[in-house]
Amino acid sequence: MPNLSWSKTLRDYLQKKENQKSALSTNNEELEIFSTLYKKFKGLKGDHKNVPSLYSKLPSEDEPLLLKLREESRALFLQRRSRELLDNDELQKLWFLLDKHHTHPLYGDEQMINYDDFLKVQGEAGRKCKPFFQASVFCKLLQNDPFGRISIMQFFNYVMRKVWLHQTRIGLSLYDVAGQGYLKESDLENYILELIPTLPQLNGLERSFYSFYVCTAVRKFFFFLDPLRSGKIRIQDILACSFLDDLLELRDEELSKEMQESNWFSAPSALRVYGQYLNLDKDRNGMLSKEELARYGTGTLTDVFLDRVFQECLTYEGEMDYKTYLDFVLAMENRREPQALRYLFRILDVHHQGYLNVFTLNFFFRAIQEQMKIHGQEPIKFQDVNDEVFDMVKPTDPFKLTLNDLIQSGKGDTVVSILIDLNDFWTYENREFLVPDLSDEV
């Protein structure tokens with residue numbers, strides 16, 4: 001009997017192998033027939049190999065079906081990614097589990113959790129929460145707790161921030177028409193325009209002002225995130241900067257007046273900037289001439305600087321529109337920032353050499369000296385100012401000031417200010433008398 005059982009098992013095994021070979025052969029034949037017909041249908045040569053291409057060009061406007069297919073597939077992809085995010089109920093459940101499994105004792109008033117309990121929460125929280133419960137995340141949040149624990153509040157805030165970033169990225173990606181990970185100016189305008197009704201702090205804006213508000217908001221993004229004027233901003237850069245936080249801060253119905261005034265995207269700030277533009281526009285033609293812009297701020301900008309502004313910036317028949325004015329305002333109000341210094345350096349670099357030399361400094365400072373004479377002040381000698389500027393900046397080349405020198409020195413805003421504005425030069429020159437002597441008060 002054992003011999004018969006053994007021989008039967010062997011026959012069954014051989015028969016099974018034969019059947020597998022037959023099925024494989026049939027599949028290979030079907031694949032070969034399909035490949036032959038497919039190549040014939042596509043007009044491909046017999047020796048054609050299906051090597052994946054490294055680059056696939058985007059469909060053009062002449063291919064509406066491909067464009068629609070791409071659009072629908074991206075929308076489905078983003079919907080799928082959105083469903084993978086934690087919703088409010090799941091976030092509440094996560095907080096309940098963290099509270100339930102927190103590890104005693106308390107650290108001050110904070111609830112803490114050790115790694116073992118951290119893993120317990122992971123097991124109960126569900127699949128969507130798994131990416132947050134990594135050892136690397138725990139180590140990042142680990143501070144000075146003597147028991148090697150992390151704060152459950154800090155961890156929960158970390159999760160909330162991550163979820164918000166993913167939600168915002170998906171929201172911005174819906175406006176990414178090209179699907180390349182960046183937004184053009186028109187894309188960002190559409191995003192902000194549709195965002196306005198969701199921001200309670202903007203409820204008071206009239207609809208007729210929406211276009212000016214959107215322009216004001218978008219210019220800040222492009223001025224700082226697209227200094228080379230490529231016409232597009234990476235979504236990743238938008239998420240990494242604080243501007244989106246400032247914009248979405250307007251969802252807070254109880255935002256203080258001080259916070260609103262310091263927020264470029266608030267209604268009072270936008271109305272302030274637009275109101276200044278209207279006040280400067282004396283002839284009410286919607287544009288600013290050089291004479292009108294000369295009244296900006298304290299009205300002490302030099303004629304030489306204003307001439308260069310109108311030479312370098314985009315104008316229409318010698319006049320500046322609101323969008324160009326916004327770039328000017330952002331540069332003047334943020335002179336410490338590298339992007340603002342880049343803007344102003346381009347205006348100061350008369351010969352487009354990539355550096356400022358003694359000739360350039362003298363060219364601009366002569367206008368300051370002339371204004372001082374008009375106001376009955378004794379002009380400061382240029383050589384004294386020139387020496388002080390080079391001592392402040394300490395450039396790599398002792399005869400040239402590059403943009404990088406100005407940024408690295410941390411004194412770029414001071415150098416620019418004393419060359420273009422009499423009031424700023426006077427303030428700098430008399431800084432010792434304007435700053436109160438705190439030692440006397442003590």
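The values are calculated or read from the model by the stated rules, or taken from the named source; none is laboratory data. A quick note: this is a predicted structure, and the numbers were derived from the prediction, not measured. Ideal geometry is used to build each Cβ from the backbone, glycine not excepted, and the neighbour counts take in all protein chains shown. With ligands, DNA and RNA removed, areas are computed over all heavy atoms of the protein, side chains included. Shrake-Rupley method; radii C 1.70, N 1.55, O 1.52, S 1.80 Å.
Considering only helices (runs of 4 or more DSSP H) fully contained in the range 227-320, which possess at least 1 residues that are more than 30 Å from PHE364 (Cα to Cα) and hydroxyl-bearing (Ser, Thr, Tyr)?
On the way: elements: 235-240, 243-248, 257-262, 267-280, 290-293, 303-312.
Hits in the range 227-320: 257-262, 267-280.
Got a sec? Which of LEU293, LEU280, LEU288, LEU248 is more than 24 Å from SER417 (Cα to Cα) and of a type in the set (A, V, I, L, M, F, W, C)? It would help to see each step written out before you state the result.
Working: LEU293 fails: more than 24 Å from SER417 (Cα to Cα); LEU280 fails: more than 24 Å from SER417 (Cα to Cα); LEU288 fails: more than 24 Å from SER417 (Cα to Cα).
So the residue among LEU293, LEU280, LEU288, LEU248 that is more than 24 Å from SER417 (Cα to Cα) and of a type in the set (A, V, I, L, M, F, W, C) is LEU248.
Please go through the range 244-276 and give me each residue that is under 18 Å from ASP327 (Cβ atoms) and open to solvent by 50 Å² or more (accessible area, probe 1.4 Å), ordered by number.
Hits for the range 244-276 are ARG272, GLN276.
Taking only the range 289-318 into account, find how many residues are open to solvent by less than 90 Å² (accessible area, probe 1.4 Å) and more than 26 Å from GLN369 (Cα to Cα).
So the answer is 2.
Just one of (1) surrounded by 14 or more Cβ atoms within 10 Å (Cβ to Cβ); (2) more than 39 Å from the chain's Cα centre (by Cα); (3) in contact (Cβ under 8 Å) with a residue 24 or more places away in the chain trips up ASN362, so point out which.
It is condition (2) that ASN362 fails.
Out of all the residues in the range 164-217, which are polar (S, T, N, Q) and either buried (at least 17 other Cβ atoms within 10 Å of the Cβ) or part of a helix (DSSP H, G or I) (or both)? Spell out the reasoning first.
So in the range 164-217, the residues polar (S, T, N, Q) come out as 167-168, 173, 180, 186, 190, 198, 201, 203, 208, 211, 216.
If the condition is that a residue be polar (S, T, N, Q) and either buried (at least 17 other Cβ atoms within 10 Å of the Cβ) or part of a helix (DSSP H, G or I) (or both), then GLN167, THR168, SER173, SER186, ASN190, THR198, GLN201, SER208, SER211, THR216 are the ones that fit.
Can you tell me which of GLU388, GLU370 is more than 15 Å from ASP303 (Cα to Cα), over 27 Å from the mean Cα position of the chain (by Cα) and part of a helix (DSSP H, G or I)? Don't jump to the end; show me each part of the working.
Details: GLU370 fails: more than 15 Å from ASP303 (Cα to Cα).
Just one listed residue meets the conditions, GLU388.
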